[in-house]
Amino acid sequence: MIDQLMKDGYAVVDAPEIDRESLLESFRLLPVDRYLKSGARRRRFSWFAGSPQNPVKLPHKLFYQTEKYEGRPDIFREFDEIDSSVCSHSSFQNILDCFVRVTGINMANTPVEVHQIRVSCGDDFKGKPSPEGVHRDGCHYLAIFVVNRDGVEGGENSIHLTKEGEAIFEATLEPGQFLFCDDEMVMHNASPVAPEAGRSVAHRDIFVLTAGEHRREKP
């Protein structure tokens, strides 16, 4: 694990070695997230054991978010699984490898959940990467990897110590960058995205990876 993640609870990591271009087409084919009324988000979800070089997709399951950290009812949602052509791609495996190296987890006994997400925006609507605002995911470690920013403004990631507190870190991640968080130490958020001037539609493509049970007690 890198020192900054241990000390501060977050870290930005550049990963230029990951071939993002080879994954772009798979984001275009993502199904619409039916749980977001705006229709501006597309999403797939799977979880994996094994190793980064040989990830084993585990049996299909519902995505679960507990009320313990958000003060809301428990939420169960079902998403289509990440396509096998993505899971077997070396670029996806390199994303898993970076996550494992930075966090120090062992996929053999700590499965990694992966969300593949496209957030779109247009002339008359903004895309919301974090509709819930400042929050925890209820895991131990999480990472956001930006694959592409196609004509978007905004989407600034921020780190907070409390839900109401000011950001202690803010940055707009560029394609090829990770933001790692220790979900037990910090909370996170992302600002809405809007199209750049002259663009009627734009989008931001990311992978979100999470692992480990959250051991923190409810505030």
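Every number here is computed from the coordinates shown, using simple stated rules; none is lab data. Note that the structure is predicted; figures quoted are calculated from it, not measured. A quick note on method: Cβ atoms are made from the backbone with ideal geometry, for glycine too, and the neighbour counts reach across all protein chains shown.
Can you classify the stretch 88-140 as rounded, prolate or oblate using the Cα gyration tensor, where a ≥ b ≥ c are the square roots of its eigenvalues, rounded means a/c under 1.5, and otherwise it's prolate if a/b beats b/c and oblate if not?
Working: a/c = 3.51, a/b = 1.73, b/c = 2.03.
Because a/c hits 1.5 or more and a/b fails to exceed b/c, the stretch 88-140 counts as oblate.
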Next item on the list: If a/c stays under 1.5 just call it rounded; otherwise compare a/b with b/c (prolate if a/b is bigger, oblate if not). Do that for the stretch 41-153, with a ≥ b ≥ c from the square roots of the Cα gyration tensor eigenvalues.
Entry: oblate
Checklist line | Positive-end residue, the chain charge dipole about Cα centroid, Cβ charges, pick of 22, 39, 171 | finding: 39
Next item on the list: Sticking with the crude label model, points 7 Å out along Cα→Cβ, report the distance from residue 49 to residue 2 in nm, one decimal please.
Entry: 3.0 nm
Next item on the list: Could you work out how far the C-alpha centroid of the stretch 96-143 sits from that of the stretch 145-219, in angstrom?
Entry: 8 Å
Check: On average over all directions, what projected area in square nanometres does the stretch 3-213 have, based on the convex hull of its Cα atoms?
Finding: 11.2 nm²
Next item on the list: Within the stretch 5-64, list the chymotrypsin sites (Phe, Trp or Tyr not before Pro) lying in a DSSP loop whose Cβ has at most 16 other Cβ atoms in a 10 Å radius.
Entry: 35
Checklist line | Label-point gap, in nm, between residue 17 and residue 166 - each point 7 angstrom along Cα→Cβ | finding: 3.9 nm
Margin query: I need two numbers for the stretch 103-204: Rg to one decimal and Dmax as a whole number, Cα atoms only, in Å.
Written below: 14.6, 48
Margin query: Can you work out the Karplus-derived ³J(HN,Hα) for every residue in the stretch 32-41? Use 6.51 cos²θ - 1.76 cosθ + 1.60 with θ = phi - 60°, whole Hz, and x for glycine or proline.
Written below: 5, 6, 6, 8, 10, 4, 5, x, 8, 10
Next item on the list: Multiply the residue gap between residue 37 and residue 125 by 0.36 nm, knock off their C-alpha separation, and tell me the result in nm, one decimal place.
Entry: 30.4 nm
Check: For the cross-link pairs 7/163; 7/126; 128/163; 61/126; 37/61, which exceed 28 Å when the distance is taken from alpha carbon to alpha carbon?
Finding: 7/126; 61/126
Check: With each pseudo-label sitting 7 Å past Cα toward Cβ, what's the residue 156-residue 197 distance in nm, one decimal?
Finding: 1.9 nm
